[in-house]
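Student: Below is a structure I'd like to ask you about.
The values are calculated or read from the model by the stated rules, or taken from the named source; none is laboratory data. Quantities reported herein were computed from a predicted structural model and do not represent experimental measurements. Counting neighbours? That spans all protein chains shown, and the Cβs are built from the backbone with ideal geometry, glycine included.
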Amino acid sequence: MNKNLSNLKMMLSYAKKYMYLITISAAAIIIKVGAGFATPQIIRFTVDSVIGDVPVYFGRPILDLINLVGGIEGMRQNIWICAVFVLAMAVITCISDYIGRITAAKSTEGVIKNIRNSLFDHIQKLPYSWHIQNQTGDIIQRATSDVEVVRNFISTQLSEMFRTIMLVVISLILMFSMNVKLTLIVLCFVPVVVTYSAVFYGILSKKFLAADEAEGELFTVIQENFTGVRVVRAFGRERYEIEKFNEKNNVFSELWVKLGYQLGYYWGIGDFVTGLLLMTIVGMGSVYAVKGIITLGEFMAFVSYTAMMAWPLRSFGRILGELSKTKVSTERICEILREPEEQDGEDSVEPAMHEDIEFNNVTFKFEGNAPVLNDISFKIKYGTTFAILGGTGSGKTTLMHLLNRLYDLPEGGGSITIGGIDIRNIKREYLRKNIGMVLQEPFLFTRSIRENISIVNQEADFESIREVSSIAQVDTAIQSFSKGYDTIVGERGVTLSGGQKQRVSIARMLLQDTPIMVFDDSLSAVDSETDAKIRAALKKGKKNTTVILISHRITTLMQADNILILDKGRISDMGTHEELIAREGIYRNIYEVQMNMSDIDKIDNMNKTEEMDKEVTE
């Protein structure tokens, strides 16, 4: 219950700015309901007092209005006046309904816009580890479908719930004023409706939760299939993906069919109960009217109020069903909003980043797993090129993620410093703006190549974009496209080759112009010659930059000032190429394997690499 109250408070916080519109909408509903209740009373008055001779028991304001139009006798001579009053109530109902819907729409869309903005903004600030642990499809489903469920409830069901409560309460008050016995008969049906509605509310809530989770899984399958379309086609996995989708889709459909059964039971029972109520009131009311216990006008008004209550009572289950669905969606939204954002300490600083980087006894592991890094210590001199070599799972990428604070070092897990300052004391945004990273699997947006490169610096001119593209050895390839830099890149860069995507990503990072550059196996998709050209251009154009190279290719690493060898999360060796090649170890073994390859083109490319590096050195 506390959790539900907390969720409600969180949702209400987004409505504060629109309370005046919500108040106007509520007032319009009250006027609309009031006009609706006035119509049966006008009919009752017309039948009993204008056509008949039943004394009038209205209050002074109503009597003054009757006298203003000529009194009872005047109205008997001009029966159309009663029709005008009915028409006036209809006009009031129409106007108040219009005002209520307009203000409800404005307030609803304002509230939902705030929720969407807050949700998206919050997701942007959540730790990288949270994104890794949660499926993208499920996140998208919460940020779209669940928000839409809340929007539908606020825009329609919430006002309907308010109107229903008013209808029931006011109907019972007026009905008690006309006949207590008939009203008590109506009241006998209310607990029945409330009881079975409460039972179905609990059942539907669980069903909707299961359906929502199934929808999230379905979204994940769709998202993974569409984004991984290259892999699916390359390995002929279409049939497997179709079967996987069909399986998830069948589960999702079956859950909604079961929900349909539950809703069908509810609506069937609701129709029976409301029909039984109307039948009872019409039967008993007819008997009372014949016996003279109630007047004909009271009987007509009583049946009208019972009919007015019948629909709200029958739709009460639909409202509760939507409420249960909204409750589930609200919980799923609030789960994200409660996740703690990345926070900088109060003493966080923005120091100079043109400094040495030092890893001190760094130990790190993912929750529930064995340590990925064990007691890692080394130093990277500013302005040098530092290389890291290691097998899959040795912790190379994790080291860089820790440097960029995508993961935070736990207490007792050592420290990483830049210029002697622990990176945990450096503002995250500032740190990441000063560490350029190119990953092995680069991500490109569905925009032009120019926009993809300039996304890190919106003010960069075209010459600057071409300059970094030339360094990344991709300018010529881009110019060969019919639209050049204005060529639209397909989703996730599917219109470019793997090497072109990597080089565009390198150009994007170079435009960021950071004092620290990290290449996380980001030259793996380019040939050795292009690899050498990129490194040569980097040495020439980025002399005052610390470059960290991660690669499995010895020719990419051999010109580095220092090379670190990782093996199963520990430092196996470290030194220059000459030092490492001179002693037994992993580096020498890999070097001999790669150098002894029979691929003549590979050897030629390595020779070209050495020549280009010498030219740069000279």
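Student: Give just the number: which of (1) in a helix (DSSP H, G or I); (2) surrounded by fewer than 18 Cβ atoms within 10 Å (Cβ to Cβ); (3) out of contact with any strand residue (DSSP E or B) (no Cβ under 8 Å at 6 or more places or on another chain) does N457 not satisfy?
Tutor: Of (1) in a helix (DSSP H, G or I); (2) surrounded by fewer than 18 Cβ atoms within 10 Å (Cβ to Cβ); (3) out of contact with any strand residue (DSSP E or B) (no Cβ under 8 Å at 6 or more places or on another chain), only one is false for N457: (1).
Student: Within the range 368-384, how many residues turn out to be more than 37 Å from the chain's Cα centre (by Cα), outside any strand (DSSP E or B) and either basic (K, R) or loosely packed, with under 13 Cβ neighbours inside 10 Å (or both)?
Tutor: Residues meeting the conditions: 1.
Student: For the range 129-154, name all the residues that are hydrophobic (A, V, I, L, M, F, W, C), surrounded by 19 or more Cβ atoms within 10 Å (Cβ to Cβ) and more than 30 Å from T23 (Cβ to Cβ).
Tutor: I139
Student: Please specify each residue of the range 245-276 satisfying the condition of being over 23 Å from L323 (Cβ atoms) and in contact (Cβ under 8 Å) with a residue 60 or more places away in the chain.
Tutor: L276, the sole residue that qualifies.
Student: Of the numbered conditions (1) crowded, with 19+ Cβ neighbours inside 10 Å; (2) of a type in the set (A, V, I, L, M, F, W, C); (3) within 30 Å of the chain's Cα centre (by Cα), L12 fails exactly one; give the number of that condition.
Tutor: (1)
Student: Checking E467 against (1) acidic (D, E); (2) surrounded by fewer than 16 Cβ atoms within 10 Å (Cβ to Cβ); (3) part of a helix (DSSP H, G or I), only one condition comes out false. Which one?
Tutor: All conditions are met except number (2).
Student: Another question about this same structure. Restrict the check to the range 82-97 and report whether at least one residue is part of a helix (DSSP H, G or I), hydrophobic (A, V, I, L, M, F, W, C), at pLDDT 85 or above and farther than 27 Å from I30 by Cα.
Tutor: There is no residue in the range 82-97 that is part of a helix (DSSP H, G or I), hydrophobic (A, V, I, L, M, F, W, C), at pLDDT 85 or above and farther than 27 Å from I30 by Cα.
Student: A further question follows. Tell me, which helices (runs of 4 or more DSSP H) wholly within the range 1-70 include 3 or more residues that are closer than 17 Å to T103 by Cβ and free of Cβ contacts under 8 Å to residues at least 24 places away in the same chain?
Tutor: 19-45
Student: Looking only at the range 442-454, count how many residues are under 27 Å from S551 (Cα atoms) and loosely packed, with under 15 Cβ neighbours inside 10 Å.
Tutor: Selection size over the range 442-454: 2.
Student: Considering only residues of the range 411-428 that are assigned to a helix (DSSP H, G or I) and touching a residue at least 40 places away in the same chain (Cβ under 8 Å), which is surrounded by the fewest Cβ atoms within 10 Å (Cβ to Cβ)?
Tutor: N425
Listed here are the residues, each with its yes/no results for (1) β-branched (V, I, T); (2) in contact with a Cys (Cβ under 8 Å, 6 or more places away or on another chain); (3) under 20 Å from M509 (Cα atoms).
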site	(1), (2), (3)
A387	no, no, yes
T397	yes, no, yes
N404	no, no, yes
D422	no, no, no
L431	no, no, yes
T446	yes, no, yes
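Student: Pick out the one residue from R450, R424, R508, R503 that is over 28 Å from the mean Cα position of the chain (by Cα), of a type in the set (K, R) and within 22 Å of D531 (Cβ to Cβ).
Tutor: R503
Student: Could you identify the single residue in L172, L182, L126, L187 that is aliphatic (A, V, I, L, M), within 15 Å of the chain's Cα centre (by Cα) and either farther than 30 Å from A214 by Cα or surrounded by fewer than 19 Cβ atoms within 10 Å (Cβ to Cβ) (or both)?
Tutor: Of L172, L182, L126, L187, the one residue that is aliphatic (A, V, I, L, M), within 15 Å of the chain's Cα centre (by Cα) and either farther than 30 Å from A214 by Cα or surrounded by fewer than 19 Cβ atoms within 10 Å (Cβ to Cβ) (or both) is L126.
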